[in-house]
Amino acid sequence: MNLHEYQCKALFAEYGISIPRGRVAASEREARAVARDLGGHVVVKAQVLVGGRGKAGGVKLARNVNEAGNSAAEILASRIAGLPVREVLVDEAIRIQSEIYLGITNDRDARRPVIMASADGGVDIEEVNRQTPEKIIREHIDPFLGIRIYQARNLASGIELPRAFWPEFVDIAFGLHTAFVETDATLAEINPLVVTEGKRLVAVDGKIVLDENALFRH
């Protein structure tokens, strides 16, 4: 079962991962109110369970409240991959310095989870894997021990993340792994995890797929 972006971010926040300020809106009026609370400079994102929202016009940057309302109205009146857009997420705009991919899934061949990171964040990780697989750094996680600090540091080193960000990156990797385990997910990814101009690591988009066989536990 796939979760919407806003649901993923809510889970990230529960596990100590920084996310942008924002709220879901179901109308132009609600979007304007959220944008006003956030200072006007926002990103409006369609909440539909498909990829490629940006290319389909489902992600728009707004510089003020009016633009946010107009963008929300346009997106809410559209269909993306044949699906109607019933809600938008209005997030504060983040000044981005660089983008990272960080994700965990199950490696069926290895019979254990694998955590992956790439300096090529913000793009389809499957495309990166096809074209430049060497850019994806992987660490298999022992299901009895969980992720280790050295593994998170190996990922940070492998993607050439400046050392100043390593402690925060390690905390995010641990938080993502805990979320992956406790929600019975088959995939939990942050794409992108951005380095902001304010020297922070923030999850500006994410994807979580839950194992439907485990839903009775939740």
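The values are calculated or read from the model by the stated rules, or taken from the named source; none is laboratory data. This structure is a prediction, so every number in the text was calculated from the model and none was measured. Every residue, glycine as well, gets a Cβ built from its backbone with ideal geometry; the counts of neighbours run over all protein chains shown. Surface areas here come from the heavy atoms of the whole protein model, side chains and all, with no ligands, DNA or RNA. Shrake-Rupley method; radii C 1.70, N 1.55, O 1.52, S 1.80 Å.
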Taking the Cα centre as origin and putting +1 on Lys and Arg beta-carbons and -1 on Asp and Glu beta-carbons, what dipole magnitude results for the range 1-148, to the nearest 20 debye? 260 debye
Nearest-20 debye value, the range 93-151 charge dipole, Cβ charges on Lys, Arg, Asp, Glu: 200 debye
For Ala110 and Gln131, extending 7 Å from Cα along the Cα-Cβ vector and measuring point to point gives, in nm, a value of 2.5 nm
So what's the Cα pair-distance distribution over the range 95-206, bin width 5 Å, in %? 2, 12, 24, 27, 20, 10, 3, 1, 0
For the range 66-125, shape from the Cα gyration tensor axes a ≥ b ≥ c, cut at a/c of 1.5 then a/b versus b/c, turns out oblate
Quickly rank 75-86, 95-106 as a protection proxy: mean count of other C-beta atoms within 10 Å, highest first. 95-106, 75-86
A 1.4 Å probe over the protein heavy atoms gives the range 42-153 a carbon and sulfur accessible-area percentage of 47 percent
Let me know the charge dipole size of the range 1-69 about its Cα centre in debye, to the nearest 20, where only the beta-carbon of Lys, Arg (+1) and Asp, Glu (-1) is charged. 180 debye
Take the alpha-carbon centre of the range 134-166, take the same for the range 54-116, and report the distance between them in whole Å. 25 Å
In percent, what relative contact order does the chain have, based on Cα pairs under 8 Å that are 6 or more apart in sequence? 24 percent
Let me see the P(r) profile for the range 34-99: every Cα-Cα distance counted, bins of 10 Å, each bin given as a percent of all pairs. 24, 50, 25, 1
Taking each pair of different alpha-carbon atoms in the range 1-120 once, compute 1/r for the pair, average those values, and report the inverse of that mean as the Kirkwood hydrodynamic radius in Å to one decimal. 15.5 Å
Within the range 89-183, the percent of DSSP beta bridges that are antiparallel, given to the nearest 5, stands at 100 percent
Around Asn66, with a cut-off of 12 angstrom between Cβ atoms, what is the net charge of the other residues, counting Lys and Arg +1 and Asp and Glu -1? +1
Out of Ile147, Leu49, Thr132, whose Cα points farthest toward the positive end of the dipole of the chain (charges: +1 Lys, Arg; -1 Asp, Glu; placed on Cβ)? Leu49
Given Cβ charges of +1 for Lys and Arg and -1 for Asp and Glu, the option among Phe169, Thr183, Thr105 whose Cα lies farthest towards the positive end of the dipole of the chain is Phe169
Anchor Lys60: lysines whose Cα lies under 28 Å away (excluding residues fewer than 8 positions away in-chain): Lys9, Lys45, Lys199, Lys207
Compute the accessible area per residue over the chain, keeping the other protein chains in place, probe 1.4 Å, unit Å². 52 Å²
Based on the Cβ-Cβ distance of Phe144 and Ala214, what FRET efficiency does E = 1/(1 + (r/R0)^6) give at R0 = 25 Å, to the nearest 0.05? 0.85
For the chain, just the Cα set please: Rg and Dmax, both in angstrom. 17.5, 52
